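Nothing in this text is a laboratory measurement; each read-out follows from the coordinates by a stated rule. The structure presented is a predicted model; accordingly, all values stated were derived computationally and were not measured. Reconstructed Cβ throughout: ideal geometry from the backbone, glycine too, with neighbour counts over all protein chains shown.
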Amino acid sequence: MNPDREELPHVYPFRFVERTVEKRGPAEGRVRALVTGNGRRTDADGFLPPLTLVEVVAQSALLLEGGDPGIGRTGFLAGVSDFVFDRTPESGDVLSVDVRVVGVLGPIVRFEGTVTDAEGRRVCSGAVTVKKGIEA
């Protein structure tokens, strides 16, 4: 696996995370994301819409879990809760996304994530719930 391009079922323009920075356990660790001014999701002024960060947290959880293609093909994002947005990321920001599993019930997994900028300031935090696909 190329560490600069880890496996995810997401491709441009819907892939927002870059790579794993630190793995602390199954689906737990830190992921890097970049905000580029010419990115498909940035607005005309180079800002990333805050709700896009929900997907950044979900993709980070998936990447830390190993890029499980089962989630991408037959699973889905099942819930979003408790998100607090402190600031809007802008072009040039390097974001760190810390994710950890906080609950599992069969194929349902709940992750908490915190996004920070290069100076360690919180950008947002919240939880995503994913329903894993069941392979036939």
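Name the long-range amide H neighbours of Val80: under 5 Å, sequence gap of 5 or more, or other chain; modelled H, no Pro or chain starts.
For Val80, whose amide H was placed from the backbone, the distant partners under 5 Å are Thr129.
More than 15 angstrom separation, counting every C-alpha pair in the range 93-136; what % is that?
On the way: 483 of 946 pairs.
So the portion of pairs separated by more than 15 Å is 51 percent.
Give the calculated FRET efficiency between Leu34 and Lys131 to the nearest 0.05, with a Förster radius of 22 Å applied to their Cβ-Cβ distance.
With R0 = 22 Å, the Cβ-Cβ based efficiency is 0.20.
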